[in-house]
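*Asks:* Below you'll find the structure I mean.
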């Protein structure tokens, strides 16, 4: 069951399961608390799992802001302070891993007061990669806030079916719906359509991370290249890199047993 807590002017939605050391989980892009449920089910015997919906996602507040990573760091710190959590671990997946990395950098720099025991970054984004910019140019119209986009999709549906592209069409429709229902995702993408917009990636600040750090990579990830994970491992002192072979980006669902075992073994 979801819980809600007021953090200043913003509401935070989250779930909590299990008993033990506090462990905060941060979902990925277009995600919410339920995205990491499979992992929580495997971890709740060893940790008290706080599955937080980040600002602009799920049932958390959706203000009209640009959704910089720093906004999420402040939101996360407010959540931790409100619940009085201490000596906690952070587990971030994809976009959530970027937030976790930025949080640990801020903690290492002394910009926030944190009793952070360790972080686990699962298929982390947050490394500058200019090749990403052009890869999704064809999806830019999905960001337009006009019903013309939705009418066009309705008109295209039978044509895509005739062309045998129904599955791809459904993916586009789902992306459109997600962008319209999750303003954080749309605002984030709009602000990063050009390489020079990537101003809050973390590769140049990872040396500030001082806590135990685990990097978990999906060996067959179609979205996050392995070198992104390797960059985290190389630039964070004493970070450990684990690769789940034959796993794709959705490995938090498909390989939750292997991932949870790595976390249980190293978060002691």
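Derivation of every value follows stated rules applied to the coordinates shown; laboratory data play no part. Quick caveat, the model's predicted, so the values are computed rather than measured. Note that each Cβ is placed from the backbone with ideal geometry, even for glycine, and that neighbours are counted across all protein chains shown.
*Asks:* Could you state the angle between the C-alpha long axis of helix 226-235 and the longest principal axis of the C-alpha atoms of the chain, as a value from 0 to 90 degrees rounded to the nearest 10?
*Replies:* 30 degrees
*Asks:* Can you compute the equivalent ellipsoid semi-axes for the chain, i.e. the square root of 5 times each eigenvalue of the Cα gyration tensor, sorted largest first and rounded to whole Å? Could the numbers behind the result be given before it?
*Replies:* Details: eigenvalues 184, 85, 74 Å².
Semi-axes (√(5λ), whole Å): 30, 21, 19.
*Asks:* If you restrict to DSSP beta bridges whose two residues both lie in the range 1-126, what percentage is antiparallel, to the nearest 5? Before the final figure, lay out each step's value.
*Replies:* Numbers: 10 of 26 bridges.
Among the beta bridges of the range 1-126, antiparallel pairing accounts for roughly 40 percent.
*Asks:* Choose one answer from 92, 219, 56: the residue with the largest mean-square fluctuation in a GNM of the chain with alpha-carbon springs under 10 Å.
*Replies:* 219
*Asks:* While we're looking at this one, here's another question. Among DSSP beta bridges whose residues both lie in the chain, state the antiparallel percentage, nearest 5. Don't skip to the answer; put the middle values down first.
*Replies:* Numbers: 10 of 36 bridges.
Antiparallel: roughly 30 percent of the beta bridges in the chain.
*Asks:* Determine, for each peptide in 155-168, 105-118, the mean count of other beta carbons within 10 angstrom over its residues, then list the peptides with the highest first.
*Replies:* Result, highest mean Cβ count within 10 Å first: 105-118, 155-168.
*Asks:* Pick from 233, 182, 253: which is most flexible by mean-square fluctuation in a GNM of the chain where alpha carbon atoms under 10 Å apart are linked?
*Replies:* Comparing 233, 182, 253 in a Gaussian network model of the chain, the most mobile one is 253.
*Asks:* Please determine, in degrees from 0 to 90 and to the nearest 10, the orientation of helix 166-181 with respect to the longest principal axis defined by the Cα atoms of the chain, where the helix direction is its Cα long axis.
*Replies:* Roughly 60 degrees, rounded to the nearest 10.
*Asks:* Treating the angle as unsigned and between 0 and 90°, give the value, to the nearest 10°, between the Cα long axis of helix 95-109 and the longest Cα principal axis of the chain.
*Replies:* That works out to roughly 40 degrees.
*Asks:* While we're here: Take every Cα pair under 8 Å in the chain that's 6+ residues apart, average their separations, divide by the length, and report that relative contact order as a whole percent.
*Replies:* RCO, the chain: 20 percent.
*Asks:* Further question: I'd like the distance between the alpha-carbon centres of the range 151-190 and the range 214-232, rounded to an integer number of Å.
*Replies:* Rounded to whole Å, the Cα centres lie 27 Å apart.
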